[in-house]
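Below is one structure, written out as structure tokens, with a few remarks after it.
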Amino acid sequence: MATPGPVHEALAGLALVDHHCHGAVTADLAPGEFASLLTEGEAWPGVSPFDTPAGVAVRRHCAPLLDLPRHAPPADYVARRAALGAQEVNQRFLRAAGAGVFLVDTGYAPHPLTTPAELAEASGAAAFEVVRLEQVAEEVAARGVEPGEYAARFREAAEEAVRRPGVVAVKSVAAYRTGFALDPARPADSEVTEAARHWFAAAPDGGRARLTDPVLLRHLLWTAVDLGLPLQLHTGFGDADLRLHHADPALLTDWLRLTSGTVPVLLLHCWPYHRQAAYLAAVFEQVYLDVGLALHHTGPARSRAVLEEALEITPFRKLLYSSDAYGVAEFHHLGALCFRQGLADLLQVRVDADELSLPDALRIAAWTGRDNALRLYGPPVSDPARDPSGRPTRKV
Ligand SMILES: [Zn+2]
């Protein structure tokens, strides 16, 4: 770790823009439920999720916020968490994250989660919404529509969704559904109709079918481009639903070539393909990346290394901060802590070695932690007066 210096101070005081996160669970969690949310896998018998880099980081860095000693044992941790209650715990960690803005993916909620407005309330920050397009498409299909009308209905529904107050971007989880080894071209209307026909036929009676058709996912990505808003794409690391090698963002190269000059494309998470993502950000104007999720899962012990690898060639205006916290507010805090500490360490070392001037280091810290996101997501995010919740928000 570098000797803390002015870069650490600047990053410690920076109101971050967490450009991709989810809500925190609003209900009190049983000990097993809490542990299972610490991992992207499962809480297997005999293998505690506390015995992971994320688990030890929670005990080291989150326990003190619950008035416990550093490295508190897991049993003490979950007992104290339960005693304080979900609302108090969420508020402590969300405030400790020190974000000025959260952009919240509202399309994945197997648990009851804080809405963006509730997240804003608990954190004292502004919160905005990112619309998950697969959910919009699945709702259109569930409402019942003729295959020949699907394309138009989906487009209308997506346009309606992004007009909701507080929506600033769209997201696709195509990585989870088909992966990125897709034909990059926009599908013809006839192909979309035919694919919709197959999709609807496969739906359980009265039920909702998951969108996994490659033609319809290509169509979804191209519809996203037409919407004109920044497009977030899950890439790399995620839960067990994923075939990791299909989520390598380099597989998007031909599609990125075809969509150049259109909307900003934000590659989320990226690990272990953050070097591939860095290459894409270096050669495609519209491409940006973050290393969210990997920050708290590697913990402060290694998140600096992940950031260093991501920044080997990434232009400094192309890296953003995200926590990708889901469910437990510990991760909103831990993501921010890992980012601040890892980035400050790596920049301060370069300043100390005279590879970087201090003003340049401070500029890079502010760009990556806040300003790149403000520039991309535009006035609603950068002007807290336009916070759709109407509450006074902290200046960013
Ligand atoms: Zn996420």
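Taking loop as defined by DSSP and a crowding limit of 15 other beta carbons within 10 Å, which trypsin sites (Lys or Arg not before Pro) in region 131-201 fit? It would help to have the intermediate numbers written out before the result.
Values: sites: Arg132, Arg143, Arg153, Arg155, Arg163, Lys171, Arg177, Arg197; in loops: Arg163.
Counting only loop positions with at most 15 other Cβ atoms within 10 Å, the trypsin sites (Lys or Arg not before Pro) in region 131-201 are Arg163.
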Checklist entry - Once you list every other residue whose beta carbon is under 12 Å from the beta carbon of Leu37, what net charge do they have if Lys and Arg are +1 and Asp and Glu are -1? => result -4
Checklist entry - Tell me, in nm to one decimal, what length is gained between Asp360 and Ala75 on full extension, where the rule is 0.36 nm per residue of separation less the Cα-Cα distance? => result 98.1 nm
Next on the checklist: Just to confirm the filter: which GluC sites (Glu not before Pro) across region 312-367 are DSSP coil and have at most 12 other Cβ within 10 angstrom of their Cβ?
Outcome noted: Glu312, Glu355
Checklist entry - Under the Karplus relation 6.51 cos²θ - 1.76 cosθ + 1.60, θ = phi - 60°, what is the ordered set of whole-Hz ³J(HN,Hα) values for region 131-139, x standing for Gly and Pro? => result 8, 8, 6, 4, 5, 4, 5, 5, 5
Item to check | Accessible surface, per residue, of the chain when the full set of protein chains is kept, probe 1.4 Å, Å² | outcome: 40
Checklist entry - Expressed as an acute angle from 0 to 90° and rounded to the nearest 10, what is the orientation of the C-alpha long axis of helix 274-283 relative to the principal long axis of the chain? => result 70
Checklist entry - Quick one: helix 189-202 against the long Cα principal axis of the chain, what's the angle to the nearest 10°, folded into 0 to 90? => result 80
Item to check | Gain upon complete extension [Arg302, Ala353; 0.36 nm per residue less C-alpha separation] | outcome: 16.2 nm
Checklist entry - Rounded to a whole number, what % of the accessible area of the chain do carbon and sulfur atoms account for, probe 1.4 Å? => result 52
Item to check | Unit charges on C-beta of K, R, D, E only; dipole of the chain, Debye | outcome: 680
Item to check | Highest-first arrangement of 240-253, 332-345, 98-111, where packing means the average Cβ count within 10 Å | outcome: 332-345, 98-111, 240-253
Checklist entry - Going 7 Å from the Cα of Glu33 toward and past its Cβ, which residues in region 106-149 have a backbone nitrogen under 11 Å from where you end up? => result 111-113
Checklist outcome for this item: Per the helix-only model, the chain has a calculated mean residue ellipticity at 222 nm (DSSP H runs of ≥4, -39500 (n - 2.57) each, divided over all residues, rounded to the nearest 500) of -13000 deg cm²/dmol
Item to check | Net lengthening on full extension, His246/Leu258 (0.36 nm per residue, minus Cα-Cα) | outcome: 2.3 nm
Checklist entry - How about region 1-109: which trypsin sites (Lys or Arg not before Pro) there lie in a loop by DSSP and see at most 16 other Cβ atoms within 10 Å? => result Arg70
Item to check | Nearest 10 degrees, 0 to 90: helix 330-352 Cα axis against the chain principal axis | outcome: 70
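Give me the percent relative contact order of region 211-300, please, defined on Cα pairs under 8 angstrom at least 6 residues apart.
28
The values are calculated or read from the model by the stated rules, or taken from the named source; none is laboratory data. Quick caveat: nothing in here was measured; it's all calculated off a predicted structure. Here the Cβ is made from the backbone with ideal geometry for all residues, glycine too, and neighbour counts use every protein chain on show. Quick note on the areas: whole protein, heavy atoms, side chains included, nothing else; ligands and nucleic acids left out. Shrake-Rupley method; radii C 1.70, N 1.55, O 1.52, S 1.80 Å.
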